[in-house]
Amino acid sequence: MRITALEPILFDAGLERVWCFVRVDTDTGIFGYGEATTTEPFMAASVVRQLASWVVGEDPRRIQDLWQRMYARYHNVRGGNLLLAAISGIEHALWDIKGKAAGMPVYDLIGGAIRTVVPVYANHMFFSLGSDPFLPQGERSHMPGRYRDRALEAVARGYRAIKIAPFGTIRDTIDQAGIRHVGAIVGAVRDAVGPDVEIAIDTHGRFGVAAAIRVANSLAEYRPFFIEEIVAPESPAAMRKVRDMVAVPLATGERVYTKWGFQDLLNHQAVEVIQVDVAHCGGIFEARLISGLAECHFVQVAPHAWYGPIALAASLHLDATIPNFLIQEVPVPHVMPSQQLDLTGDLLIPRDGMLAVPAGPGLGVTLDEGVLARHRIDG
């Protein structure tokens, strides 16, 4: 079996979002899909095209060999988001092909399933709400109620865990007014959903150490599931300083790449939860290796998944196989654009806060080629 073609496909997903899929074709007629979506999908697509010459003509089943070749090719930019996203997307497609050729789901090729249904938490129900403490008082006072209503909507959909980002334009430091404003939002959500629904809080790495400690301790009374990126991930030592001074679980990982990046984070014992992203860290097998490192440190894994259906499916196959799995993130738009639903049907729609791991050969997800063609964009 040989690879005959590799191309990125940019898909207009609505809501001003573009997904970058990767299609790999072979001389047997078997093809696979991966996903290399980032916040810069057009740039990721460009890197995918550059990597194609290192993959076309090769045996797609030699996944680790091809991974090492692609990673070594760009030795001057190792560890960056765009390169690793491109490699990840190609790697997903190779696993999809290998699974289809073997007639097996990917999770059976990387260790076998511990579980076939996984708990998920809802993200992006809250993205459009904002939370600017510098808004006029009248408008600012509506924020807790708006977050409360979205939280109740998530619970009504069956989610038992949600994630909110209530910090708005606050950055670097925070004063007492900001702490009260954020506390009012988180408190309103906690009061609405009750004591049994988990609430994760995302800070997007916006604070220094002192402010991070202040924020985390002020939110402890609301019993967060975890606080994500309380400081930027570039300094595991800074993250560890915060962890030593707070009583809530900390998480990070969406902007950490490869086993080497996570090794430093884990050696510092900086967090209780890592959020490996199979579309950014280097792919499914790299994420499996990273999860093994985390297991050695008794750290749980809650994979990040902010993008499209192939990345989510790839993450679910990881989730099925790792003993230290905690929960899976799923992106939940307030209103899902029709092209997103039409692309994969209801295969990846959670029910009662749970999501089944696709059981078909490969990644087990079929993209509707007509929908893909209608919403494909140049770039």
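The values are calculated or read from the model by the stated rules, or taken from the named source; none is laboratory data. Keep in mind that this is a model prediction, so the values were computed, not measured. Cβ: placed from backbone, ideal geometry, glycine included. Neighbour counts: every protein chain shown.
Assorted remarks:
- Count of region 2-17 residues, restricted to those that are of a type in the set (Lys, Arg) and touching a helix residue (DSSP H, G or I) at 6+ places or on another chain (Cβ under 9 Å), is 1.
- Residue check for residue 256: of a type outside the set (Lys, Arg), at pLDDT 95 or above and not assigned by TED's automatic domain parsing to the domain that holds residue 88: yes
- Checked against (1) farther than 23 Å from residue 14 by Cα; (2) charged (D, E, K, R); (3) in contact with a His (Cβ under 7 Å, 6 or more places away or on another chain), residue 35 passes all but a single condition, namely (1).
- Screening 342, 346 for residues that are surrounded by fewer than 24 Cβ atoms within 10 Å (Cβ to Cβ), of a type in the set (Asp, Glu) and in a loop (DSSP other than H, G, I, E, B) leaves exactly one candidate, 346.
- Elements of the type helices (runs of 4 or more DSSP H) sitting completely within region 224-322 and holding at least 1 residues that are within 11 Å of the chain's Cα centre (by Cα) and touching a residue at least 24 places away in the same chain (Cβ under 8 Å): these cover 309-321.
- Looking across region 63-72, just one residue is surrounded by fewer than 14 Cβ atoms within 10 Å (Cβ to Cβ) and either under 19 Å from residue 8 (Cβ atoms) or charged (D, E, K, R) (or both), and that is 65.
- Test set (1) surrounded by fewer than 19 Cβ atoms within 10 Å (Cβ to Cβ); (2) modelled with pLDDT of 95 or more; (3) among the hydroxyl-bearing types (Ser, Thr, Tyr) - residue 315 fails condition number: (1)
- Any hit, region 236-246, residues being touching a strand residue (DSSP E or B) at 6+ places or on another chain (Cβ under 8 Å), surrounded by fewer than 24 Cβ atoms within 10 Å (Cβ to Cβ), more than 30 Å from residue 369 (Cα to Cα) and basic (Lys, Arg): yes
- Just so you know, in region 173-198 the residues that are within 19 Å of residue 329 (Cβ to Cβ) and touching a residue at least 40 places away in the same chain (Cβ under 8 Å) include one that is surrounded by the most Cβ atoms within 10 Å (Cβ to Cβ), and it is 189.
- Yes/no for residue 251 being buried (at least 23 other Cβ atoms within 10 Å of the Cβ) and within 21 Å of residue 160 (Cβ to Cβ): yes
- Restricting attention to region 84-140, the residues being over 17 Å from residue 62 (Cα atoms) and either β-branched (Val, Ile, Thr) or modelled with pLDDT under 95 (or both) number 23.
- Test for residue 60: is it over 17 Å from residue 279 (Cβ atoms) and in contact with a Leu (Cβ under 6 Å, 6 or more places away or on another chain): yes
- Only residues that are under 25 Å from the mean Cα position of the chain (by Cα) and either at pLDDT below 95 or not hydrophobic (A, V, I, L, M, F, W, C) (or both) were counted across region 202-221, and they come to 6.
- Flag if residue 228 is assigned by TED's automatic domain parsing to the domain that holds residue 148, closer than 25 Å to residue 301 by Cβ and of a type outside the set (A, V, I, L, M, F, W, C): yes
Results for (1) of a type outside the set (Val, Ile, Thr); (2) in contact with a helix residue (DSSP H, G or I) (Cβ under 9 Å, 6 or more places away or on another chain); (3) within 16 Å of residue 94 (Cα to Cα), shown as yes or no for each residue.
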residue: 19; (1), (2), (3): yes, yes, no
residue: 28; (1), (2), (3): no, yes, yes
residue: 31; (1), (2), (3): yes, yes, yes
residue: 34; (1), (2), (3): yes, yes, yes
residue: 37; (1), (2), (3): no, yes, no
residue: 40; (1), (2), (3): yes, yes, no
residue: 47; (1), (2), (3): no, yes, no
residue: 50; (1), (2), (3): yes, yes, no
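- Number of positions in region 1-30 that are among the aromatic types (Phe, Trp, Tyr) and farther than 15 Å from residue 87 by Cα: 2
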